[in-house]
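Remarks on the structure that follows.
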Amino acid sequence: MSQQFGPEYVRAIAPYQAGKPIAEVAREFGLDEANIVKLASNENPFGVPASSQQAMAAAVADLGRYPDANGFDLKAALAKRYEVPADWITLGNGSNDILEIAAHAFVQKGQAVVYSQYSFAVYALATQGVGARAIVVPAREYGHDLDAMAAAIDADTRLVFIANPNNPTGTFIPAAQIEAFLNKVPANVVVVLDEAYNEFLAPEHQFESAQWARKYPNLLVSRTFSKAYGLAGLRVGFAVAQPALTDLMNRIRQPFNVNSLAQAAAIAALNDKPFLEQGAKNNAAGYAQFVEAFDELGLQYVPSFGNFVLVKVGDDDGAGARINLALLKQGVIVRPVGNYGLPQWLRISIGLPAENAIFIAALKKALA
Ligand SMILES: *Cc1c(COP(=O)(O)O)cnc(C)c1O
């Protein structure tokens, strides 16, 4: 047997499967990049806000210097927006970084992390990366079963991941249920509330989770600039929590984990209300467009609160892969979710109306 490197728990990690890049699909299927529609990674179909582009152009001159390791201006803008002190904020290289930092800061090898079946793939990666034991709680109607999750917390548990809305299923947990859960969780267990899709929620579903950090010393709220703010390629996310948690997060994170362009762009995007409103409006319209098509085709889908929809494209376990391939051949990239244990389903990001229409037409052909 050849030499094996690294700990067994690292070798056991299944690598994250990202959405296929447009260039790769063009190469593989002999297609023109310009005709490819990518609805695979829950990116913002409007791209980078113009305000962020301008802010980055101005920041280019200073790229010879290291970024501000403390992200002073971005934290100040976030502190103002979320009405928390700046030293309650941790910046991340995307919120994936926040999730990883949390696992490293709060969990050691042999301890346990609780998360839901069908929840974000990075929770498993972050857990495995520190050699912790995953307690995966069966989902209820494709969403988190918070009662079962509370019951699953054992003496070794130090961290719970909750995605709200959840990816890849799009399910949403109302504020009252999350608060009831937080009131049950032992004080030594950190709860990461991952709200990557928060900005897509209708006003009646919004709640001030960042303010809950005042009441719950073990709560860490995570947000990202990758989805609603259109900055996925720059990698910026952040967390809000009391200083006892934030201080540990800051010891673990790399000092320069958020680069200068990203900091500048995020500040501009945070204050770009019209961009967010445009995105929310497009998302609601696109969701209606998808739902109408799925109803017409008689396809089951999970009602979604994010910028994507999980749809069941067949009854056999080959269905997701088969329809995915048929879509790729037509230049439409979506996300198969077999790696989530959902081999009969596909996750489709909501795009511009024309992109959605191309996907729907391609889906009809693929199913025929
Ligand atoms: C997309 C996503 C994230 C974060 O992505 P980043 O680009 O790393 O900020 C985090 N959580 C969930 C549930 C997501 O879907």
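Readers should treat all values here as calculations from the given coordinates under stated rules, not as data from a laboratory. The model shown is predicted, which means the values in this text are computed figures rather than measured ones. When we count neighbours, we look across all protein chains shown, and the Cβ atoms used for this are built from the backbone with ideal geometry, even at glycine.
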Cut-off under 12 Å on the C-alpha distance; same-chain residues fewer than 8 positions from Lys281 excluded. Which aspartates and glutamates are left, in chain and number order?
Glu199
The Cα extents of the chain along the principal axes, largest first and rounded to whole Å, are 56, 55, 49
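Once you keep just the Cα pairs under 8 angstrom separated by 6 or more residues, what percentage relative contact order results for the stretch 188-256?
Numbers: 87 pairs, mean separation 21.4, N = 69.
Reported relative contact order: 31 percent.
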Going down the list Lys20/Lys365; Lys75/Lys184; Lys75/Lys109; Lys38/Lys75, which pairs span over 27 Å between their C-alpha atoms?
Lys75/Lys184; Lys75/Lys109; Lys38/Lys75
Residues in the stretch 214-258 near a label at Ala18, defined as backbone nitrogen under 12 Å from the 7 Å Cα→Cβ point?
232-235
List the trypsin sites (Lys or Arg not before Pro) within the stretch 1-104 that fall in a DSSP loop (any state other than H, G, I, E or B) and whose Cβ has at most 10 other Cβ atoms within 10 Å.
Arg65
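Could you line up Tyr82, Tyr123 from fewest to most neighbouring Cβ atoms inside 10 Å? If you can, show how the numbers build up before the last one.
Details: Tyr82 18, Tyr123 24.
Fewest-to-most Cβ neighbours within 10 Å comes out as Tyr82, Tyr123.
Would you please classify the overall shape of the stretch 1-160 from the alpha carbon gyration tensor, given that a ≥ b ≥ c denote the square roots of the eigenvalues, rounded means a/c under 1.5, and beyond that prolate means a/b larger than b/c while oblate covers the rest?
Numbers: a/c = 1.67, a/b = 1.23, b/c = 1.36.
Oblate shape, in that a/c is at least 1.5 and b/c is the bigger or equal ratio.
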Return a whole-number percent for the relative contact order of the stretch 50-270, with Cα pairs under 8 Å and 6 or more residues apart as the contact set.
31
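Placing unit charges on C-beta atoms (Lys and Arg positive, Asp and Glu negative, everything else neutral), compute the dipole magnitude of the chain about its Cα centre in debye, rounded to 20.
Details: 29 positive and 34 negative charges, 98 e Å.
Approximately 480 debye in magnitude.
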Residue order, fewest to most beta carbons within 10 Å, for Ile101, Ile13
Ile13, Ile101
With helices defined as uninterrupted DSSP H runs, which ones in the chain have an alpha carbon span along their own long axis of at least 27 Å and mean Kyte-Doolittle hydropathy of at least -1.0?
273-297
